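The values are calculated or read from the model by the stated rules, or taken from the named source; none is laboratory data. What you see is a predicted model; the values in this text were computed from it and never measured. As a convention, Cβ positions derive from the backbone with ideal geometry for all residues, glycine included, and neighbour counts pool all protein chains shown.
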Amino acid sequence: MPTSPYRGRFAPSPTGPLHAGSLLAAFGSWLLARQAGGEWRVRIEDIDPPREVAGAAAGQLATLAAFGLLPDGAIAYQHARGALYRAALDRLLLQGDAFECHCSRADLAATGGIHRRCIATAPRPDPAIRLRVPDGCHIAFDDAVHGRVSQRVDLEVGDFVLLRADGLWAYQLAAVVDDAAQGITDVVRGADLLDSTPRQILLQHLLGLPVPRHAHLPLLLGEDGRKLSKSDAALPVDATDPAGTLHGLWRCLGQAPLPAADRRTLPGFLAAATAAFQLDRVPTRAIPRSAAMHNANVAGDA
Ligand code: GLU
């Protein structure tokens, strides 16, 4: 099968309804995939049952559909993909890049939560498995929005968890395995994950997987100046006027207003937005959510 030259994805965790910030990430990744003539996949990251909200995944998919953001191919569900994560973990263990860790949270408190070597005094029945981050590990990448980003993974993150003490898979490993298994060429997501990317690139190197391109989109901030979170159920997106709502998010992506004529129907808006989107206009800074609402129905100049 020929591989797509561009394959993007949106990968929500089903912890609540999509809020404006997650819809912005979905819209941005959809726009870039469509503009490139590529595919856009949706993956439900349901590997953390304690944080999952019943019905959230179905609600998120319904919201995407209401905004015309329709995925290509089948929806992937991470809960069904444990065998892939296990195979990757076994490889890392075999290579000596991962190890069983008996440290407790209290043990790590003394090191600011950054693990460099095991300091546990007693074995635990439920050890976590961590990635061994080499001393001096420096990972840099070029983000399409933020430019050059670099991190000293050993000092800033430390040996990070791949399999949690409670037996659940860690996001970093699952995302890397799935991005490769799904042939994702372009990771476009919120800037809250900018500091996860070096960890993911390190895993890609160690697992011999391709490193996708990255673009991290601005976060939306709530009234309190903090990032919107999915558990902020008080802030649902307005699906009664999908083109108007998306136009507000479009403006948050730094794009020039689209003429009113292009916003009359959702398909018309999505087609005009796909044609007009300019990645180099996307800002790096976080944006108050009120800006999205204010811009939703701002008249264009035509
Ligand atoms: N599941 C993550 C979230 O909802 C996003 C993962 C990703 O895009 O890599 O925040």
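So here's what we get for this one:
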quantity	calculated
Counted residues, the range 142-161 - those being under 17 Å from residue 214 (Cβ atoms) and surrounded by fewer than 19 Cβ atoms within 10 Å (Cβ to Cβ)	8
Residue within the range 217-239 that is within 26 Å of residue 171 (Cβ to Cβ) and at pLDDT 95 or above present	yes
Matching option when the condition is more than 15 Å from the ligand (Cβ to nearest atom) and under 16 Å from residue 108 (Cβ atoms), among 164, 148	164
Subset of the range 78-98 [of a type in the set (A, V, I, L, M, F, W, C), over 20 Å from residue 10 (Cα atoms) and surrounded by fewer than 17 Cβ atoms within 10 Å (Cβ to Cβ)]	83, 87, 93, 94
Criterion violated by residue 49 - all others in (1) surrounded by 14 or more Cβ atoms within 10 Å (Cβ to Cβ); (2) within 16 Å of the ligand (Cβ to nearest atom); (3) over 30 Å from residue 135 (Cβ atoms); (4) not acidic (Asp, Glu) satisfied	(1)
Lone qualifier among 175, 170, 140, 180 - being farther than 19 Å from residue 96 by Cα, touching a Leu at 6+ places or on another chain (Cβ under 6 Å) and of a type in the set (A, V, I, L, M, F, W, C)	180
Residue match in the range 10-23 (condition: farther than 28 Å from residue 290 by Cβ and crowded, with 21+ Cβ neighbours inside 10 Å)	no
Per-region count, the range 127-173, residues small (Gly, Ala, Ser) and over 23 Å from residue 285 (Cα atoms)	6
Matching residues in the range 88-130 - criterion: being without any contact (Cβ under 8 Å) to a residue 40 or more places away in the chain and aliphatic (A, V, I, L, M)	93, 94, 106, 108, 109, 110, 119, 120, 122, 128
Residues of the range 67-77 classified as away from the ligand (no atom under 13 Å from the Cβ) and surrounded by 16 or more Cβ atoms within 10 Å (Cβ to Cβ), total	4
Strands (runs of 3 or more DSSP E) within the range 121-225 that include 2 or more residues of a type in the set (A, V, I, L, M, F, W, C) and closer than 29 Å to residue 27 by Cβ	138-143, 186-190, 213-217
Test set (1) more than 9 Å from the ligand (Cβ to nearest atom); (2) under 13 Å from residue 63 (Cβ atoms) - residue 8 fails condition number	(2)
Count of the range 50-85 residues which are in a helix (DSSP H, G or I), more than 19 Å from residue 163 (Cβ to Cβ) and of a type in the set (A, V, I, L, M)	8
Lone qualifier among 172, 182 - being surrounded by fewer than 21 Cβ atoms within 10 Å (Cβ to Cβ), within 11 Å of the ligand (Cβ to nearest atom) and under 30 Å from residue 252 (Cβ atoms)	172
The range 38-59 residues that are in contact (Cβ under 8 Å) with a residue 12 or more places away in the chain, paired with ones that are assigned to a helix (DSSP H, G or I) and charged (D, E, K, R) (beta carbon under 7 Å, 6 or more apart)	40/34; 43/178
Residue satisfying all of: in the range 27-46; under 27 Å from residue 168 (Cα atoms) and within 10 Å of the ligand (Cβ to nearest atom); surrounded by the fewest Cβ atoms within 10 Å (Cβ to Cβ) among these	46
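Residue-by-condition table, conditions (1) surrounded by 14 or more Cβ atoms within 10 Å (Cβ to Cβ); (2) in contact with a helix residue (DSSP H, G or I) (Cβ under 6 Å, 6 or more places away or on another chain):
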| site | (1), (2) |
| --- | --- |
| 251 | yes, yes |
| 256 | no, no |
| 267 | no, no |
| 278 | no, no |
| 282 | yes, no |
| 286 | yes, no |
| 292 | yes, yes |
